[in-house]
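What follows is calculated from the coordinates using simple rules that are stated; it is not laboratory data. Computed from a predicted model, the values in this text were never measured in an experiment. All Cβ positions, glycine included, derive from the backbone under ideal geometry; neighbour counts span all protein chains shown.
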C-alpha cells in the first residue's frame with residue numbers, strides 16, 4: 001500500500017487555505033523528504049492558540065518524514081508585521097526579543113521534535129541584523145515593485161491609517177528569509193496563516209529572480225468561529241499556551257465552551273484524532289456534542305500542558321459540575337477584602353468578564369449566580385457574609401465557575 005501523502009491529510013482535515021502550485025506541492029511531498037519553514041515573530045513571551053494550529057501542521061508534516069524549520073523572527077520583530085493590523089506594533093528591546101524567542105522554543109517542543117536535527121530552529125537575526133542597508137536595497141529592494149506591494153492585503157488595510165516606511169520594509173525582509181533558508185538548508189516550502197499570503201508570494205518571487213529556484217507556498221485556515229470571528233479571545237485576553245498567562249483549567253474550559261457549530265471543525269484542525277472517529281462524531285447531537293467538546297478540550301490541553309495537567313483539570317471540571325460548583329482545583333482568585341465591593345467591580349477583578357458593561361449585561365440577562373443565588377441587582381454591594389467556608393462561588397452562564405476567597 002502506498003504511503004499516505006501529508007498533503008491529503010492536511011486537505012481532508014480542512015487545514016489548507018491556499019497553495020501556490022497545488023499539484024506540484026502534492027507531488028513533491030509524496031516523493032521526497034521536504035524541508036519547510038514557518039515563521040514566528042517573538043512579539044510576546046508566549047505563543048497563543050493561533051500559533052498552536054501552525055504547530056499542529058508542523059507535527060503532521062514531521063510525522064510524514066518532512067523537516068520543519070521554526071524560524072524565529074528575532075530580526076523582523078524589530079520592524080513588526082503589518083498583516084492583520086490597524087496600527088503599528090510596539091517597538092521591543094533586544095533583550096525582550098531574545099527572551100521571547102527562548103520561550104517559543106520550549107513551547108514548540110511540546111509538539112515538534114527538535115532532537116537529532118529532525119527539526120531545526122533558526123533566528124533571522126543571524127542574517128538580518130548585520131545587513132548593510134545600501135547593499136540590501138540595491139540587491140533585494142530592487143526586486144520589489146512598490147505598485148504590486150500596495151495591492152497586497154496587509155498593506156491595503158494599513159494605508160487607511162498610515163503605513164510607516166519602517167513597516168514597508170517587512171515584506172522584502174520576510175522574503176529575504178525564504179531566500180536565505182533555501183540557500184542554507186534547501187528549504188522548499190514556506191507555510192503560514194492565510195494572512196501571510198502576500199509575504200509568502202514575495203519570498204517565492206525573490207528566490208526565482210535571484211537564484212532561479214522554484215519554491216512553493218501554502219497557507220492554512222485561520223482559526224475562526226462559524227460567524228467568522230477569530231477564535232482564542234477570552235475575557236482575560238488571548239488564549240495563551242503559557243500556563244502562567246492562561247491556567248490549564250481556563251484553557252480546558254475554553255474548549256468545553258466552544259459553540260456547537262465549531263466543535264467538529266476544531267477536532268479536525270487541532271487534534272490528531274483519526275478522521276473516521278471525527279466523522280462518527282459529526283452525527284452526534286445534543287448531549288453527545290457536549291461529550292465531543294470534552295474530548296476536544298482534553299486532547300488540546302494534553303498536547304499543550306501534558307497528560308497530568310489535562311487529567312487534573314478534567315477531573316476538577318467534572319467535580320465542579322457534579323459537586324455543586326466546588327473543587328480545590330477550580331479557578332480561584334484571592335482578594336484582600338470584599339466588604340463594600342460592588343458586584344460589577346468584582347466580576348472585572350476576577351477576570352470573568354472583560355468590562356463593567358459586559359458584567360452589567362450578564363446580570364440583566366439573568367446569567368450570573370453567586371452561591372447558587374441568581375443576581376438581578378447590578379448595584380449589589382458585597383460583604384464577607386457572601387464568602388463561606390468554601391469561598392464565594394461565582395457562576396457565569398451554565399458552565400463557567402470561579403471561586404473567590406479572602407487572603
Relative to the first principal axis of the alpha-carbon coordinates of the chain, what is the inclination of helix 94-108, with its axis defined by its Cα atoms, in degrees from 0 to 90 and to the nearest 10?
80 degrees
Reciprocal of mean inverse Cα separation for the chain (Kirkwood radius, Å):
23.4 Å
Could you state the principal axis extents of the C-alpha atoms in region 233-322, from the largest down, to the nearest angstrom?
36, 29, 26
Please quote Rg/Rh for region 6-220 to two decimal places, taking the Kirkwood radius as Rh and restricting both calculations to Cα atoms.
0.94
With a 10 Å radius around each residue's Cβ, average the other Cβ atoms per peptide and rank 133-142, 53-62, 218-227, highest first.
53-62, 218-227, 133-142
Largest first and to the nearest Å, give the Cα extent of region 246-290 along each principal axis.
32, 23, 13
Kirkwood hydrodynamic radius of region 248-407, Cα pairs, Å:
17.0 Å
To two decimal places, what compactness ratio does region 106-250 give when its Cα radius of gyration is scaled by 2.2 N^0.38 Å?
1.23
Once the Cα atoms of region 332-406 are picked out, what are the Rg and Dmax in Å?
11.0, 31
Nearest-ten-degree value, helix 170-185 long axis tilted from longest Cα axis of the chain
70 degrees
